[in-house]
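Peer 1: Below are the structure tokens for one structure; questions will follow.
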Amino acid sequence: MHATLSAVRSDKVRPITAQGDTAATAVRNIAVDAYRGLVMLLMMGEVMSFAKVAHAYPGSLFWRVLAFNQTHVEWAGMSLHDTIQPGFTFLVGVALPYSIHSRIKKGQSFESQLAHTIWRSLVLIALGIFLRSTHSGQTYFTFEDTLTQIGLGYTFAFLLAYCRPRWQWTALTAILFGYWLAWALYPMPSPNFNYAAVGVPADWHHNFTGFAAHWNKNSNLGQAFDLWFLNLFPRTSRFAYNDGGYLTLSFIPTLGTMLLGLFAGQWFRAAAPKIPVRLFLVVGLALMAAGLLLHVTGVCPIVKRIWTPSWTLFSGGVCYLFLVAFAWVIDVKRYRRWAFPLVVVGMNSIAAYLIAELSRDFIIESLHINLGHRIFSLFGAALAPLILGITVMLIYWLTLYWMYRRKLFLRI
């Protein structure tokens, strides 16, 4: 995506070539590209199937930890895997100031930029629906996918990028507080609520009690909205609930994550050529502390699946810490060569996303057909899923490297 998901421009950092040198003509923010590359690799890394390996080694703490961090938590809390979507979304916001500055330098009017932004939003929404429909008998209209969530909020983020910082902060506060208030005012489920009717089994012990029950799975404001909204579209059967508890309305607090990224992008540009390490570190820790405080007091739990306002704050803080870590190592300490594998992926994030979503089964089937199954069991049957996954990851990366060398970047 042009300057939105794959191209972030900067006046202070030059890109790494395949040999690790700097190129004389390009002007990319390597820290942002590397962070984006990590996010994409975490998403693509599902193919390594740590959970299957952990199942084969039930007594291994090492594999249990890896498996936990390659899956989403059931409801409250965070694993490493849960940082993928907020990281992806946050970096969209980081890119916005660079994108707008670049387009202004090219002489594009606000109207032209707005039209292109709306087009991007629509394409992202359509692409998300398309990917969700690949294994369906008809178009599967759903709007909780990462791409659709970004698409639904992206135009609003663009418009806010043209506002003064005070209005941007006011908008963020209004979004998070207003969304929290709407959920808090919506009736919480009664003590005898039939959770089984909305896909929550009796032995599922992650629902909250007390005031926090407003954010229980499939018994909340977002679920009520989707019961109305999603059934406006043609479906094979009436929508009753989302198995994971994901919601269309999550795009509203997701916009808050984009705004947190927007602030980071603005601070990056304002501080150039210096890196605002201390600012990013303080903001990141403050956001995490605020999210945790809301969670432990029961005011608003940290739940990624429904993107609660406290999740926006906490995960946004995590994103700041990731970003400052990359910026400190790459821009302050000047250690760049190690980042090249990440940059290859981060510069082509849409292509990476599509490769992982569309080609995984094809690659695995082709490997089994042409190489057989036994070759992946050379280190034992228990590690076969891991060896297969590593092979697939290598194919993913080599494909993206081939595109990188030929300057083939998929953009919207």
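Nothing in this text is a laboratory measurement; each read-out follows from the coordinates by a stated rule. All values reported here derive from a predicted model rather than from experimental measurement. Reconstructed Cβ throughout: ideal geometry from the backbone, glycine too, with neighbour counts over all protein chains shown.
Peer 1: Run the simple label-point estimate for Asn370 and Phe62 please: 7 Å along Cα→C-beta, distance reported in nm.
Peer 2: Taking the two extended label points, one gets 3.2 nm.
Peer 1: Further question on the same structure: For the stretch 281-390, give the magnitude of the charge dipole about the Cα centre (Cβ charges: +1 Lys/Arg, -1 Asp/Glu; no others), in debye to the nearest 20. Could you put the intermediate results ahead of the total?
Peer 2: On the way: 8 positive and 4 negative charges, 67 e Å.
So the magnitude is around 320 debye.
Peer 1: Which residue fluctuates most in the GNM of the chain (Cα springs below 10 Å): Leu287, Leu185, Leu147?
Peer 2: Evaluated over the chain, the most mobile residue of the options is Leu185.
Peer 1: Please give every one of the lysines within straight-line cross-link reach of Lys304, meaning a C-alpha to C-alpha distance under 27 Å, and leave out same-chain neighbours fewer than 8 residues apart.
Peer 2: Lys52, Lys217
Peer 1: Still on this structure, please answer the following. With θ taken as phi - 60° and the coefficients 6.51, -1.76 and 1.60, list the Karplus ³J(HN,Hα) couplings across the stretch 225-233 in order, rounded to whole Hz; mark glycine and proline as x.
Peer 2: For the stretch 225-233, the Karplus curve yields 4, 5, 4, 7, 5, 5, 7, 6, 9 Hz.
Peer 1: Still on this structure, please answer the following. Show me 259-268, 222-231, 153-162 ranked by packing, highest mean number of other Cβ atoms within 10 Å first. Don't skip to the answer; put the middle values down first.
Peer 2: On the way: 259-268: 24.0, 222-231: 17.1, 153-162: 20.4.
Packing proxy ranking, top to bottom: 259-268, 153-162, 222-231.
Peer 1: Quick check on the chain: helices-only [θ] at 222 nm, where DSSP H runs of length 4 and up contribute -39,500 (n - 2.57) each and the sum goes over total residues. Nearest 500, please.
Peer 2: Details: 14 runs with 233 residues, N = 412.
Computed ellipticity for the chain at 222 nm equals -19000 deg cm²/dmol.
Peer 1: Whole-Hz Karplus ³J(HN,Hα) for the stretch 122-136, in order, using 6.51 cos²θ - 1.76 cosθ + 1.60 and θ = phi - 60°, x for Gly and Pro?
Peer 2: After applying 6.51 cos²θ - 1.76 cosθ + 1.60, I find 5, 5, 4, 4, 5, 5, x, 5, 4, 5, 6, 9, 5, 10, 10 Hz.
Peer 1: Next question. Place a +1 charge on the Cβ of each Lys and Arg in the chain and a -1 charge on the Cβ of each Asp and Glu, then give the dipole magnitude about the Cα centre in debye, rounded to the nearest 20. Kindly include the intermediate steps, with their values, before the conclusion.
Peer 2: Working: 32 positive and 16 negative charges, 310 e Å.
Approximately 1480 debye in magnitude.
Peer 1: Choose one of Thr139, Phe193, Trp119: the residue whose Cα lies farthest towards the positive end of the charge dipole of the chain (beta-carbon charges +1 Lys, Arg; -1 Asp, Glu; about the Cα centre).
Peer 2: So the residue we want is Trp119.
Peer 1: List, in order, the whole-Hz ³J(HN,Hα) value for each residue of the stretch 53-70 obtained from phi through the Karplus relation with A = 6.51, B = -1.76, C = 1.60 and θ = phi - 60°; use x for Gly and Pro.
Peer 2: Couplings: 5, 4, 5, 6, 10, x, x, 9, 5, 4, 6, 5, 5, 4, 5, 4, 7, 10 Hz.
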